[in-house]
1. Of all beta bridges DSSP finds with both residues in the chain, what is the antiparallel percent, to the nearest 5?
2. Quick one: what does P(r) look like for the range 44-140 with 5 Å bins over all Cα pairs, in whole %?
3. Straight distance only, please: which aspartates and glutamates reach the Cα of residue 101 with their own Cα at less than 18 Å, same-chain residues fewer than 8 apart left out?
4. Could you give the angle, 0 to 90 degrees to the nearest 10, between helix 2-37's Cα long axis and the longest principal axis of the Cα atoms of the chain?
5. At a 1.4 Å probe radius, carbon and sulfur cover how many percent of the accessible area of the chain?
6. Taking the radius of gyration and the Kirkwood hydrodynamic radius from Cα positions alone, what is the Rg/Rh ratio for the range 236-335, to two decimal places?
7. Cut-off 10 angstrom, C-alpha nodes, Gaussian network model of the chain. Which of 293, 171, 91 fluctuates the most?
8. Rolling a 1.4 angstrom probe over the protein heavy atoms, how many square angstrom per residue are accessible across the chain?
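The values are calculated or read from the model by the stated rules, or taken from the named source; none is laboratory data. Being a predicted model, the structure only gives us computed values, none of them experimental. Note that each Cβ is placed from the backbone with ideal geometry, even for glycine, and that neighbours are counted across all protein chains shown. Ligands, DNA and RNA are excluded from the accessible area calculation, which covers all protein heavy atoms including side chains. Shrake-Rupley method; radii C 1.70, N 1.55, O 1.52, S 1.80 Å.
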Amino acid sequence: MDEKMKKVGKGLLWGLGGATAALLTSIAGWIVYSKKYINHHQGIAGALDADHYEVTTQHAGRLSFYADLSGKGTPVVLLHSINAAPSALEMKPIFDHYRGKRPIYALDLPGFGFSDRSDRLYSAQLYQDAIVEFIRDAVEKPADVVALSLSSEFAALAAVHSPEWIRSLVMISPTGFKQPRMDRISQKARQRGARNQIYAGLAVPLWNRPFYDLVSSRASIQYFLNQSFEGYVPPSVVDYAYVTAHQPGAQYAPTYFLSGKLFTPAVRATVYKVVEQPVLVLYDRDPYSNFEMLPGLLQEKENWQAERITPTRGLPHWEQPEKTFRALEAFWDEL
């Protein structure tokens with residue numbers, strides 16, 4: 001019996017060794033394929049059919065943006081989300097609807113689009129600075145800001161620390177409203193440490209770009225967009241996401257995002273509650289976030305209001321544009 005067990009054990013070890021060798025071979029093969037055969041210099045056009053500008057800021061560097069200045073009134077600034085392959089195209093329905101009616105801007109956040117994609121520290125502070133410096137240096141007037149998903153956290157930070165530049169804030173499917181599961185300081189410290197370790201592992205130059213190429217493959221982009229649309233995903237959205245993810249330096253900012261380093265801990269308590277400007281939240285179901293803590297904040301803060309845009313899954317301005325526009329206009333009319 002012992003001999004049989006030994007033979008079985010040896011067989012398992014050989015099997016595990018073979019599986020490990022096959023896995024390592026596959027990883028090495030993908031790294032070689034990524035470096036030699038994937039085009040990281042895809043031809044890229046503008047995300048929006050609008051005039052395209054650049055401004056160089058003190059802390060955020062070169063920022064690219066689209067603008068239509070033919071309208072009148074308070075400027076509107078649109079902020080796309082943060083994910084593996086975002087762009088100003090995410091805000092196209094709102095940009096197209098309000099061009100000619102209001103001065104409207106759509107910003108390429110640092111690390112995305114035509115903005116600076118260099119290898120540097122990407123943080124919530126960087127994005128806060130980018131929003132404030134962009135409004136101050138390019139818009140030059142206080143603005144109504146519309147932010148999507150994680151960018152809502154950055155916009156709220158900007159509203160708290162530079163309130164003179166943000167008149168109101170609209171958050172579409174914002175992050176930060178999930179019920180906290182970890183309350184002890186030591187647990188939070190471990191969580192921060194885990195984020196640092198994840199980032200350190202992902203950022204190794206040998207496999208940083210190849211890993212990002214997996215995340216930003218056409219199949220991966222299609223899969224994640226399918227989760228965010230209740231209905232049909234426009235092919236142009238998939239195509240542009242793929243192209244913008246295959247540019248020099250495209251991996252740097254998403255690596256910080258994927259490791260969790262761009263999220264502000266306890267943002268609801270430390271940032272959202274401190275915002276004094278009028279705030280509108282547009283939401284429904286979202287596969288990457290939830291809003292279980294939103295009702296409590298609405299009760300606590302009179303300057304906050306929310307409207308559920310159904311049926312949507314994170315992008316109401318794409319799937320229910322008329323409902324979204326009515327909510328925006330009602331909110332802005334109150335101002």
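1. Here the share of antiparallel DSSP bridges comes out near 35 percent.
2. 3, 14, 26, 26, 19, 9, 2, 1
3. Within the straight-line cut-off, residue 101 pairs with 49, 51, 68, 144, 322, 329, 333, 334.
4. Result, in degrees: 40.
5. Of the solvent-accessible surface of the chain, carbon and sulfur hold 57 percent.
6. Working: Rg = 16.6 Å, Rh = 16.2 Å.
Here Rg/Rh amounts to 1.03.
7. Evaluated over the chain, the most mobile residue of the options is 293.
8. Roughly 48 Å² per residue, with all protein chains present.
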